[in-house]
Amino acid sequence: MKVIIVKNAAEGGKKAFEIFKKKLDEGATVFGLATGGTPETTYQELCDSDLDFSNCISINLDEYVGLPADNPQSYHYYMKKHLFEKKPFAHSYLPDGQNDDAKVECERYSRIIAENPVDLQLLGIGRNGHIGFNEPGSAFDGRTQKIRLTESTIAANARYFENENDVPKYAYSMGIGEIMQAKTVLLEAYGKDKADAIKKMVEGEPTEEVPASVLQTHDDAIVIVDEDAASLLR
Ligand code: F6R
């Protein structure tokens with residue numbers, strides 16, 4: 001695991017951009033994408049650049065169950081707003097939050113991931129160490145699943161909703177086993193509230209109690225953290 005420490009999220013976005021650019025130059029065509037506050041500077045850098053993804057495929061990590069694509073809190077909407085409007089891909093996949101047949105939806109999404117091996121997977125990390133919406137205790141070899149969000153994740157994501165009760169309780173998420181199949185994994189984390197999770201991810205024993213710690217066993221995992229998120233590292 002290669003850890004890069006930057007000053008702040010703005011500088012982190014520039015570093016992440018360089019990694020996207022290098023991958024594209026090397027012929028990468030499938031990009032795994034994340035949502036949330038963390039990747040916003042990266043997406044801004046991509047939008048401001050002349051990189052062309054129109055021959056590429058994107059596969060997002062997750063989507064809330066129950067939200068239609070045009071709901072401003074949905075990850076479909078987020079991706080359109082932060083990236084796809086400016087940088088369209090040949091095809092962009094996200095789980096369908098409106099499919100209430102979880103078995104069918106998870107199998108459909110796992111098939112998409114299997115048929116389109118990811119070259120570069122972008123990740124954020126939850127305060128509890130989650131990646132995607134794989135909460136503590138998720139299997140390291142897991143596939144796409146319907147996941148019940150923990151109280152800590154609901155509280156963290158409430159900032160995007162009018163009130164905490166509006167945060168969906170379930171999400172469809174790519175599994176850890178599928179995330180680990182990406183050729184390169186790039187995790188970004190900014191801010192003091194990620195410091196504990198970053199310490200456990202980088203320096204703790206790999207354990208399913210800290211989902212991101214699985215990345216210690218990935219052949220090409222890059223971590224970009226700002227000084228606050230790195231503040232508890234030895
Ligand atoms: C989002 C995702 C989540 C977030 C994580 C951090 O697609 O999969 O794992 O990356 O919850 O969220 P932020 O970046 O908002 O702190």
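We did not get these values from a lab; they are worked out from the coordinates using the rules stated. Keep in mind the model is a prediction, meaning the values are calculated, not measured. For neighbour counting, all protein chains shown are included, and Cβ atoms are generated from backbone atoms with ideal geometry for every residue, glycine included.
Within the set of other residues whose C-beta is less than 11 Å from the C-beta of residue 34, count the net charge using Lys and Arg as +1 and Asp and Glu as -1. Net of charged neighbours comes to -3. Extension gain, residue 3-residue 81: 0.36 nm per intervening residue step, less the Cα-Cα distance, totals 25.2 nm. Between residue 217 and residue 183, the distance separating the two model label sites (each 7 Å from Cα on the Cα→Cβ line) works out to 2.3 nm. Expressed per residue, the C-alpha convex hull volume of the stretch 53-159 stands at 116 Å³. Put simply, the amide H of residue 121, placed in the peptide plane, has neighbours under 5 Å in 32, 184, 185, 186, leaving out anything fewer than 5 places away on its chain.
Taking every DSSP bridge with both residues inside the chain, close to 25 percent are antiparallel.
As a quick test, which of the pairs 103/169; 23/146; 14/192 have an alpha carbon distance above 27 angstrom in this structure? Among 103/169; 23/146; 14/192, the Cα-Cα distance tops 27 Å for 23/146. Computed over Cα pairs, the Kirkwood radius of the stretch 1-125 leads via Stokes-Einstein (0.890 mPa s, 25 °C) to a diffusion coefficient of 161 µm² per second.
For a quick check: sort 149, 187, 51 by the number of other beta carbons within 10 angstrom, fewest at the front. Provide the component values of the computation, followed by the final result.
Numbers: 149 22, 187 25, 51 15.
Going from sparsest to densest Cβ surroundings: 51, 149, 187.
Placing unit charges on the Cβ atoms only, positive for Lys and Arg and negative for Asp and Glu, gives the chain a dipole magnitude near 220 debye about its Cα centre.
Near the amide H of residue 223, within less than 5 Å, lie the amide hydrogens of 2, 3, 4, 187, all on another chain or at least 5 residues away, with H placed in the peptide plane. Comparing 57, 201, 36 along the charge dipole axis of the chain, the residue lying farthest to the positive side is 201, per the Cβ-charge model. Here the Karplus curve 6.51 cos²θ - 1.76 cosθ + 1.60, taken at θ = phi - 60°, turns the phi angles of the stretch 223-234 into couplings of 10, 10, 10, 8, 4, 5, 5, 8, 5, 9, 6, 5 Hz, with x standing for Gly and Pro.
Taking neighbour Cβ counts within 10 Å as the exposure measure, how do 40, 227 sort from fewest upward?
On the way: 40 17, 227 13.
Least crowded to most crowded, the residues run 227, 40.
Between the stretch 17-31 and the stretch 174-234, the alpha-carbon centres lie 21 Å apart. With Cα atoms as the point set, the chain shows a radius of gyration and Dmax of 16.3, 46 Å. In the chain, the calculated helix contribution to ellipticity at 222 nm averages -8000 deg cm²/dmol per residue, counting -39,500 (n - 2.57) for every DSSP H run with n ≥ 4. Evaluating 6.51 cos²θ - 1.76 cosθ + 1.60 at θ = phi - 60° for every residue in the stretch 77-86, the Karplus couplings come out as 5, 4, 5, 4, 5, 8, 9, 5, 4, 8 Hz, glycine and proline recorded as x.
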